[in-house]
Amino acid sequence: MKRFAEKLSSRVFFLLALSSISALALITVFIVAQGAPLIAKVGFFRFVFGMDWAPGHGEYGIFPMIVGSVSVTLGAVLIGVPVGLCCSIFLAEFAPELMRDIFRPAIQLLAGIPSVVYGFWGLLFIVPFIRDRLGGPGLSILAGSVILAIMILPTVISISEVSLLDLPRQYKEGALALGMTHWQSIVSVLLPAAKSGITAAVILGIGRAVGETMAVIMVLGNAVALPESVLDPVRTLTTNIGIEMGYASGDHRQALFATGIVLFAIIMALNAAAQYIGRRR
């Protein structure tokens, strides 16, 4: 009876795992089936590197939106990763136990806040601040970068902190025994030893930023044009799909699915890189 229960539970877990993989496969097949005909019709290079997005005139170039996605994501990484890394070092090495018990749930709470709340907060506070202090319309790459930087903090902080805490105590003790200060041991020994986990945290944070839609719709301005500065409005791949899918049809609808293929490929590449780095660790 016990062996039967074990076999049954293993089969159930196998079916559950298979259902998850099957769902991913179905989504992939559906997106490719819907978007590939448009890419074949327009041409891959014309679609990916085209400068004009005018579905009413048969123009389907997504390069300005790729640049917009890269710009906003890069800005979020430049703002969020240093803050997240410093916070993880503080929690792992300096914070008292009571402070850790307070900070950790608060950081995890950031991950549970709906993205529309971040977008609404950015629209009320970040956008007017940028418009009044730095100029421009306020709806810009900088506003989107700030919002996404806050949104990726839980991922960067949590994984980086775990990577630091998982290191053998002998690393730190050996560094201190050699005469290093606490800070020198962190910079010279602990951070290099935990670099694989920290890199994976950064990559997963990038994936989170690239895939965000609702928050950035509200603060980017959604202009389909190449930006000249961080104060210019842009449109990302995700916001393009979110804005236009509700009324698209025909080739226009297929073009949005083709945009999804490009976005899907980017996120899959980032996740694969994170998995590879994690295995190396």
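If you take the residues in the range 124-161 that are part of a loop (DSSP other than H, G, I, E, B) and in contact (Cβ under 8 Å) with a residue 40 or more places away in the chain, which one is surrounded by the most Cβ atoms within 10 Å (Cβ to Cβ)? So the residue we want is SER140.
Contact map, the range 59-75: residues that are on the phi > 0 side of the Ramachandran plot paired with residues that are at pLDDT 90 or above and surrounded by 24 or more Cβ atoms within 10 Å (Cβ to Cβ), Cβ distance under 9 Å, separation 6+ or inter-chain. No pairs are found. The set of residues in the range 118-139 being farther than 20 Å from LEU153 by Cα and of a type outside the set (A, V, I, L, M) consists of PRO128, PHE129, ARG131, ASP132, ARG133, GLY135, GLY136, PRO137, GLY138. The selection criterion, being more than 30 Å from VAL187 (Cβ to Cβ) and part of a helix (DSSP H, G or I), does not hold for GLY84.
On the given criteria, is ILE206 farther than 18 Å from GLU161 by Cα and either among the β-branched types (Val, Ile, Thr) or under 19 Å from the mean Cα position of the chain (by Cα) (or both)?
No; evaluated as a whole, the condition is false for this residue.
Listed by position, the helices (runs of 4 or more DSSP H) enclosed by the range 189-281 include none that has at least 3 residues that are under 24 Å from PRO37 (Cβ atoms) and of a type in the set (Lys, Arg). Only residues that are touching a residue at least 60 places away in the same chain (Cβ under 8 Å) and over 19 Å from ILE266 (Cβ atoms) were counted in the range 43-55, giving 2. Please determine, by comparing only the residues of the range 187-233 that are over 25 Å from PRO114 (Cα atoms) and β-branched (Val, Ile, Thr), which one is surrounded by the fewest Cβ atoms within 10 Å (Cβ to Cβ). Here the answer is VAL187. Kindly indicate whether SER115 is at pLDDT 85 or above and over 18 Å from the mean Cα position of the chain (by Cα). Spelling it out, it is not the case that SER115 is at pLDDT 85 or above and over 18 Å from the mean Cα position of the chain (by Cα). Restricted to the range 105-123, and to residues there that are in contact with a helix residue (DSSP H, G or I) (Cβ under 6 Å, 6 or more places away or on another chain) and among the aliphatic types (A, V, I, L, M), the residue that is surrounded by the most Cβ atoms within 10 Å (Cβ to Cβ) is ILE107. Among LEU85, LEU91, which is the only one that is over 19 Å from ARG208 (Cβ atoms) and hydrophobic (A, V, I, L, M, F, W, C)? Only one candidate qualifies: LEU91. For the range 134-154, taking the residues that are modelled with pLDDT of 90 or more and not hydrophobic (A, V, I, L, M, F, W, C), the one that is nearest to ILE186 (Cα to Cα) is identified as PRO154. From the list ILE102, ILE89, the one residue that fits, being under 30 Å from LEU176 (Cα atoms), aliphatic (A, V, I, L, M) and loosely packed, with under 13 Cβ neighbours inside 10 Å, is ILE102.
Note on the range 9-52: among residues that are at pLDDT 85 or above, part of a helix (DSSP H, G or I) and charged (D, E, K, R), the one that is farthest from ARG253 (Cα to Cα) is ARG46. With respect to the conditions (1) closer than 29 Å to ALA194 by Cβ; (2) in contact with a helix residue (DSSP H, G or I) (Cβ under 7 Å, 6 or more places away or on another chain), ILE126 falls short on a single one, namely (1).
The values are calculated or read from the model by the stated rules, or taken from the named source; none is laboratory data. What you see is a predicted model, and the numbers here were worked out from it, not measured in a lab. Quick reminder, even Gly has a Cβ in these numbers, built from the backbone with ideal geometry, and neighbours come from all protein chains shown.
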